[in-house]
There are 14 protein chains.
Amino acid sequence: MDSMTLIAIASILAAGLTTGIGCIGPALGEGWAVSTALRSLAQQPDASATITRTLFVGLAMIESTAIYCFVVSMILIFANPFWNYFIAQTTGQ
Amino acid sequence: MDSMTLIAIASILAAGLTTGIGCIGPALGEGWAVSTALRSLAQQPDASATITRTLFVGLAMIESTAIYCFVVSMILIFANPFWNYFIAQTTGQ
Amino acid sequence: MDSMTLIAIASILAAGLTTGIGCIGPALGEGWAVSTALRSLAQQPDASATITRTLFVGLAMIESTAIYCFVVSMILIFANPFWNYFIAQTTGQ
Amino acid sequence: MDSMTLIAIASILAAGLTTGIGCIGPALGEGWAVSTALRSLAQQPDASATITRTLFVGLAMIESTAIYCFVVSMILIFANPFWNYFIAQTTGQ
Amino acid sequence: MDSMTLIAIASILAAGLTTGIGCIGPALGEGWAVSTALRSLAQQPDASATITRTLFVGLAMIESTAIYCFVVSMILIFANPFWNYFIAQTTGQ
Amino acid sequence: MDSMTLIAIASILAAGLTTGIGCIGPALGEGWAVSTALRSLAQQPDASATITRTLFVGLAMIESTAIYCFVVSMILIFANPFWNYFIAQTTGQ
Amino acid sequence: MDSMTLIAIASILAAGLTTGIGCIGPALGEGWAVSTALRSLAQQPDASATITRTLFVGLAMIESTAIYCFVVSMILIFANPFWNYFIAQTTGQ
Amino acid sequence: MDSMTLIAIASILAAGLTTGIGCIGPALGEGWAVSTALRSLAQQPDASATITRTLFVGLAMIESTAIYCFVVSMILIFANPFWNYFIAQTTGQ
Amino acid sequence: MDSMTLIAIASILAAGLTTGIGCIGPALGEGWAVSTALRSLAQQPDASATITRTLFVGLAMIESTAIYCFVVSMILIFANPFWNYFIAQTTGQ
Amino acid sequence: MDSMTLIAIASILAAGLTTGIGCIGPALGEGWAVSTALRSLAQQPDASATITRTLFVGLAMIESTAIYCFVVSMILIFANPFWNYFIAQTTGQ
Amino acid sequence: MDSMTLIAIASILAAGLTTGIGCIGPALGEGWAVSTALRSLAQQPDASATITRTLFVGLAMIESTAIYCFVVSMILIFANPFWNYFIAQTTGQ
Amino acid sequence: MDSMTLIAIASILAAGLTTGIGCIGPALGEGWAVSTALRSLAQQPDASATITRTLFVGLAMIESTAIYCFVVSMILIFANPFWNYFIAQTTGQ
Amino acid sequence: MDSMTLIAIASILAAGLTTGIGCIGPALGEGWAVSTALRSLAQQPDASATITRTLFVGLAMIESTAIYCFVVSMILIFANPFWNYFIAQTTGQ
Amino acid sequence: MDSMTLIAIASILAAGLTTGIGCIGPALGEGWAVSTALRSLAQQPDASATITRTLFVGLAMIESTAIYCFVVSMILIFANPFWNYFIAQTTGQ
C-alpha cells in the first residue's frame, strides 16, 4: 500500500461520510421549517407574503450547512491538496 | 491487495453508506412537511393554492439534500477521479 | 483472497446495508404522512380530493429517497463498474 | 478460506441484516398508519370508505420499502450474481 | 476452520439476529395499533365492526414484516443454498 | 478449536441474544396494549366485552413475535441442523 | 483453550446477557400497565373488578416474555445440550 | 491462561453486567408505577385501599424481573455448574 | 499475566461498571417518584400522610435494585469466591 | 507489564468511569425532583413545609445512589483489596 | 507509510468528520428558530419587524458554530501547520 | 512501555473522561431546576423567597454530583496513590 | 512512525473532533433560546427591550461553551506545548 | 514510541474530548434556562428583576460545570504533572 492509495481511500471514505452524516441535520431542520410555514399559512393566510419571505431566508441559512458539507466533500474529491501534492511528487520524480 | 482493489472497495462501501445514511434525514423531513401540509389543508381548504406551492418549494429544498448524497454516490461509482487516475496509470504503463 | 473476491464481498455488504438502513427513514416518513392524511380526512371529509392528491405527490417524493437506496443497491449488485473492470481484466488476459 | 466460502458468508450475513434492520421502519410506519386509521374511524364513522381506501394505498406504499429489503435479501440468497460467477468459474475449469 | 464450519456459523448468527432485531419493530407497531383500537372502541362502541375489521387487516400487514424476518431465518437454517452447495460438493467428491 | 466447538459457541450466543433482544419489543408493545385497555375500561365500562376480546386477540398477535424469537432459539439449541450434520459426520466416520 | 472451556465461557456470557437485556422490556412494559391500572382505578373506582382482572392477565402475558429469557438462561446454564455432548465425549473416551 | 481462570473471568464479568444492565428497567418501571400511584392517591383519596393493594402486586411483578437478574448473577458467582465441573476435574485428578 | 492478576482486573472492572451503570435507573426512577409526590402534595395537601407513606415504600422498592448492584459490587470486591479459590490454591501450594 | 501495573490501570479506569457514568442518573433525577418542588411551591405556597421536607428526604435517597458510585470509586483507589494483596506479596517476598 | 501520508490521512478524515458532525446541531437549531419565527409571524403579524431582526441575529449566532467547524476543516485542509512543518522538513533536506 | 508511562496514560484518560461525561448530567439537571424556578417566579412572584432558597439548596445537591466527578479527576491527576507508589519504588531503588 | 508524526496526528484528530462534537450542544441550546425569544416577542411585544437584552446575555453565555471548544482546538493546532517541546528537541539536537 | 510521546498523545486526546463532550450538557442546560427566562419575562414583565437575577445565578452554576471541563483540559495541556515528571526525568539525566 503506497501513499497515493491510502490518501485516495481516506478521501473517498471521508467524502462519503461527510455528505451522508451532514445531510441528516439540514433535512430535518428544513422539514421543521417548512412544516411550520404550512401550519402558519393555514392559520394566518393574510401574512402569506411575510411568512414566505422569512421561510426562504431561513431555508437558505439551513441549506448553507448542508452546502458546507457538500463543499468539503467536493474539495476532498476534486481539489484535494494532499492528493495534488503527492501527484506532483510522483510526476516530478 | 493491490491499489485498484482497495480503491474499488472503499468506493463501493462509501457509495452505499452515503446514500443509505443520507436518506434517513430527507425522508423524515419530507414526511413532516407532507404531514403538516395535509393537516393545514384540512384546516384551511381555502388556502390550498398557497399551501401546495409552499409545500412543493419546501420538498424541493429537502429533496436537494438527498440529491447531494445521491450525487456523491454516483460520483464515487461512475466518475471517481482517484479510480480514473489509477486506471490511467495502469493503462499508460 | 484475490481482488474479485474482495470486490464481491464489499458489494454484497454495501448493497444489503444501503437498502436496509435506507428504508428506515422513508417508511417512517410515509407512516407519518399517511397517518395525518387519515386524520385530516376524518376531520374534513369535504377536502378529500385535495388531501388525496397532495398525499400521493408527497408519498412519491418520500418514496423517491427509498428508490435512490434501492437503485444504488441494484447498481452495486448488477451493474458494478469496478466488478466489470476486473472481469474485463480477467477475461482479457 | 477460499473465495466461495467468503462470498457465501458475506451473502448470508448481508441477507439477514438487510431484512432484520429494514423491517423496523415499515413495521413502525404501518403501526402509526393503522393506529390513526382506527382513531379516525372512531371519530368520523361516515368517512369510513375514504379512510379505508386511503389506508390501503398508504400501507401498500409503506410495505413496498419492506419489500425492497426482502427482495434484496432474496437476490443475495438465490440469485447472487457474484456467487453465480464463481460457480461458473469453478465448473468451467 | 473449513468452509462448512464457517458457513454454519454465519448462518446461525444471521438467523438469530434477523429474527431478534426484526421482531422489535412489528411488536411495537402492533402494540400501537391494538392500543388505538381499544381506545377507539371505548370512544365509539357503535363502530366496533369497522374498527375490528380494519384492525385485523392492519395487524396482518404489520405481522407480514415479522414474517419476512422469520422466513429469512428459516431459509438460512433449513434451506440455505450455500450450505446445500457445499454439502453437494463434499458428498460428490 | 475444532468445528463442533465453534458451532456450539455460535449457537449458544445466537440463541441467547435472539431471545434477549427479541423480547424487548413484544414486552413494550404488550405493555402499551394492556395499558390502553385499562384506560378504555375505566372510560367505557359498558364496552368491556368487546375491549377484552380485542385485547386478547391483539396480545396473541404481539406475543407471536416473541414466540418467533423463542422458537428460533429453541431450534438453535435443540434442533440445530448444522450441529446435527457435524454429529452425523463424527459418528459416521 | 480446549473445547469445554470455550463452551462454558460462551454459555456463561450468553446466560447473563440474555436475562440482563431481556428484562429491560418486560419491566418497562409492566411499569406502564401497572401505572395505567392505578390511574384507571382512581378515575373509575367502580370498574375495579374488571380492571384488576384485565391487569393480571396482561401482566402474566408481559411476564411471559421475561420468563422466556429466564428459561433460555437456565437451559444454557443447567441443561445445555452442547455442554452435555462434550461431557459425554470426555467421559466416554 | 488455564481454563479455570477464564471461567472465573467470564463469570465475574457476566454476573456484574447482568445485574447492572438488568436493574435499569425495573427501576424505571417501578418509578413510573409509584409515580402514578401517588398521583392517583392525590386525585382519589377514597380509593386508597384498592390503589395501594394494586400497587404492591404490580411492584412485586416488576421486582420479579430484577430478581431474575440477581438470581442469575448469584448462580454465576456461587453455584456455577461450569466452575464446579472444573473444580471437580482438578480435585479428582 | 498470571491467573490472579486477571481475576483481579476482571473483578475491578465488573465491580465499577455494575455500580456505575446500575445506578442510572434507580436514580431516575426515584427522581420521578419524588417529583410526583411533590406535585401530589401540592395538589392534595390533605392526603399528605397516605402519599408520604406510599412514597417511602416505593422508594424502598426502587432503592432495592440499586442495592442489588451495590451488593454484587461488594461481593466481587470483598467476597469474591473465584479470588478466594485462587488465594487458597496459592497458599496451599 | 507486571501485575501491579495492570491492577493499577484497571483501578484507575474503573474508578473514573464509575463516578463519571454513575453521576448522570442522580443529577438528572435530582433535577426533576427540585424542578417539581419549585413548581409545587409556586402552586401551593401553603404546603411549603411538607413539600420541603419531602424534597429533602427524596434528594437524600437519590443522592445515595451517587454516593454508592463514589464509595466504589474511593474503595477502588484507596482501599483496593486486590492492590493490597499484591503489595503484601511484593513486600513479603 | 511515511509521516506525510499519515498526516494527510488524519487531516482528511478529521476535516470531513468535523464538518459532517458539526453541521447536525446548527441545522437543527436553525430549523427550530425559523420554525418558531414563522409561528410567531402568523400569530402576531404586527411584530414582524422585531421578530425578523431578532431571528437574523439569532441565526447568525447559531450559524457561527457551524462556521467554527467549517473553519477548522479549512485550516486542516489548506493551512495545516503540521503538514507545512513536514513539507518544510522535506524541502529543506 | 514501562509501568509509569502506562499509569500516567490511564490516569490522564480517566481524569478527562470522568469530568467530561460526568458533567453532562449535572448541567442538564441544573438547567431543568433553574428553568422551573424562573417559570415559578413568573407564576407566583410572592413566593420568591421560598423558591429561591429551595432552588439554591437543590442546585447545591445537583452540583455535588459534578463535584464528585471533579474530585475523582483531581485525585487521579494530583494525588494518585498508584502513581505515588511507583514513584516511591523508582526513587527508593 | 516517529514521535512528531504521532503528536501531529493526535492533535489533528483531537482538534477536529473537539470542535465537531462540541458545537452540537451550543447550536441546539441557542436554537431553543432564539426560538423562545421569538415566541415571547410575538406574545408580549411590549417587553421587547428586556427580552432582547436577556436573549443576548444568554446567547453569549451559551456561545462561550462553543468558544471553549474552539479555543482548545486552536491551542491544539497552533500553540500545542507538546508539539513545541518536540520541535525544540529536534532543533536543539 | 517512547514515554513522552505516549503521554503527549494521551493528554492531547483527553484534553480535546473532555472539552468537546463536556460542553454538550452545559450548552443545553443554559439553553433551557435562557429559554424559560424569556418565556417568563414575556408572561410576567413585572418580575423582571427577580427573574434576571435568578437567571444569572443559575447560568453561573451551569457554566461552572463547563468550566470544570475546561480547567481539566487546561491542566492536561499546560500543567500536566505526569508530563512534568518525565520532563524532569529527561532533563535530570
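Could you say which residue among E:27, E:79, E:42 is over 30 Å from residue D:4 (Cβ atoms), more than 7 Å from chain D (Cβ to nearest Cβ) and under 18 Å from the mean Cα position of the chain (by Cα)? So the residue among E:27, E:79, E:42 that is over 30 Å from residue D:4 (Cβ atoms), more than 7 Å from chain D (Cβ to nearest Cβ) and under 18 Å from the mean Cα position of the chain (by Cα) is E:27. One residue stands out among those in the range E:46-68 that are in contact with a Pro (Cβ under 8 Å, 6 or more places away or on another chain) and in contact (Cβ under 8 Å) with a residue 40 or more places away in the chain: the one that is surrounded by the most Cβ atoms within 10 Å (Cβ to Cβ), which is E:65.
Residues of the range L:52-84 being small (Gly, Ala, Ser) and outside any helix (DSSP H, G or I), which ones? Scanning the range L:52-84 gives a single hit, L:79.
Residues in the range F:22-31 that are buried (at least 24 other Cβ atoms within 10 Å of the Cβ) and either in a helix (DSSP H, G or I) or among the aromatic types (Phe, Trp, Tyr) (or both): F:22, F:24, F:25, F:26, F:27, F:29, F:30, F:31. For the range I:75-86, a tally of residues being surrounded by fewer than 21 Cβ atoms within 10 Å (Cβ to Cβ) and touching a residue at least 60 places away in the same chain (Cβ under 8 Å) returns 1.
Here residue J:49 does not fit the description of being within 7 Å of another protein chain (Cβ to nearest Cβ) and part of a helix (DSSP H, G or I). Among the criteria (1) within 7 Å of chain K (Cβ to nearest Cβ); (2) surrounded by fewer than 24 Cβ atoms within 10 Å (Cβ to Cβ); (3) under 24 Å from residue K:61 (Cβ atoms), the one residue M:19 does not fulfil is (2). Residue L:25 fulfils the conditions (1) within 14 Å of residue N:66 (Cβ to Cβ); (2) without any contact (Cβ under 8 Å) to a residue 12 or more places away in the chain except for a single criterion, (2).
The set of residues in the range F:82-93 being at the interface with another protein chain (Cβ under 7 Å from one of its Cβ atoms) and among the hydroxyl-bearing types (Ser, Thr, Tyr) is empty.
For the range D:37-68, a residue qualifies if it is at pLDDT below 90 and among the acidic types (Asp, Glu), and exactly one does: D:46.
Of the residues F:34, F:72, which is modelled with pLDDT of 90 or more and either surrounded by fewer than 20 Cβ atoms within 10 Å (Cβ to Cβ) or facing chain G (nearest Cβ under 10 Å) (or both)?
Within the list F:34, F:72, the selection yields F:34.
Taking the criterion of being surrounded by 24 or more Cβ atoms within 10 Å (Cβ to Cβ), in contact with a Ser or Thr (Cβ under 9 Å, 6 or more places away or on another chain), more than 7 Å from chain J (Cβ to nearest Cβ) and at pLDDT 90 or above, would at least one residue in the range L:3-11 satisfy it? Yes, because at least one residue in the range L:3-11 is surrounded by 24 or more Cβ atoms within 10 Å (Cβ to Cβ), in contact with a Ser or Thr (Cβ under 9 Å, 6 or more places away or on another chain), more than 7 Å from chain J (Cβ to nearest Cβ) and at pLDDT 90 or above.
The values are calculated or read from the model by the stated rules, or taken from the named source; none is laboratory data. Being a predicted model, the structure only gives us computed values, none of them experimental. Cβ atoms come from the backbone with ideal geometry, glycine included; neighbour counts cover every protein chain shown.
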